[in-house]
Amino acid sequence: MPKPRESRHLVPFEVLAVLAIAVVPLPEPVPAALPLLVVASLSLWLRGRSWADVIGGPVRGSTAAAVGALAGGLALGFALLAGAPAIELLGPRAVEWSAHPIVRGNLSLLALVAVYVAATAVATELALRGWIVERVLELSPGPPVLPVLVGAFAEALLAPGDGPARIGAALFGIGLGWMYAAGGRSIVAPLCARLAFEVGAVLLEGLRVIG
């Protein structure tokens, strides 16, 4: 990976951009990942880099993809079988899994929503791991604890829903951040994990397994 320009003077603007995207209401069909990806692309360009630099890395290929997909599937199973019941025991409300109720029993809409969710997952992972976590790694050499936590905080900040949903997003973000750092700073494994988790949830909702 080529050595990037640190451009520390950009950090306040990058932080403000992430906070603004998290706070300012967006139109209903527009995911937060879209404006975040635009800001991330601009940040990379100003530092003389491109997405090709981030998507690469020494660990890539089918093995990383398979490990990521397996981890995402296991995370989804754990969330369904253990995470949701634990949250329901601690709170007064049942966990609402239904994010796309229109897919239930409708294969055509299921396919369209799955494509939308997959595209959003790619944009989210590029922005969170490929930009935010990578940016902190650039600025703070050493153990990747801080970058992973910053990425998890951003994940929670941008996640829709209440407190338990944000806590779950943060834990998911920690796992994806660790995969990114441990995988040689390649987004292949965390991206496949996110795809398996989010697209898997849509498929289960379409099959009426969750609601």
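So which residues in region 119-149 are surrounded by fewer than 20 Cβ atoms within 10 Å (Cβ to Cβ), free of Cβ contacts under 8 Å to residues at least 40 places away in the same chain and among the aliphatic types (A, V, I, L, M)? Across region 119-149, the qualifying residues are A119, V136, V145, L146, L149.
Considering the conditions (1) over 18 Å from S43 (Cβ atoms); (2) outside any helix (DSSP H, G or I); (3) touching a helix residue (DSSP H, G or I) at 6+ places or on another chain (Cβ under 8 Å), G142 is excluded by exactly one of them, (3).
Might you let me know whether region 100-117 holds any residue that is within 19 Å of the chain's Cα centre (by Cα), over 18 Å from P190 (Cα atoms), of a type in the set (G, A, S) and not in a helix (DSSP H, G or I)? No, the conditions are met nowhere in region 100-117.
The residues on offer are G57, G61, G105, G77, and the sole one that is modelled with pLDDT of 75 or more and within 22 Å of G183 (Cβ to Cβ) is G77. For first residues located in region 70-82 and within 18 Å of A165 (Cβ to Cβ) and free of Cβ contacts under 8 Å to residues at least 60 places away in the same chain, partners that are in a helix (DSSP H, G or I) and hydroxyl-bearing (S, T, Y) and lie 6+ apart or on another chain with Cβ distances below 8 Å do not occur.
The values are calculated or read from the model by the stated rules, or taken from the named source; none is laboratory data. Predicted model only: the values in this text are computed from it and were never measured. Please note: Cβ atoms are built from the backbone with ideal geometry, for glycine as well, and neighbour counts cover all protein chains shown.
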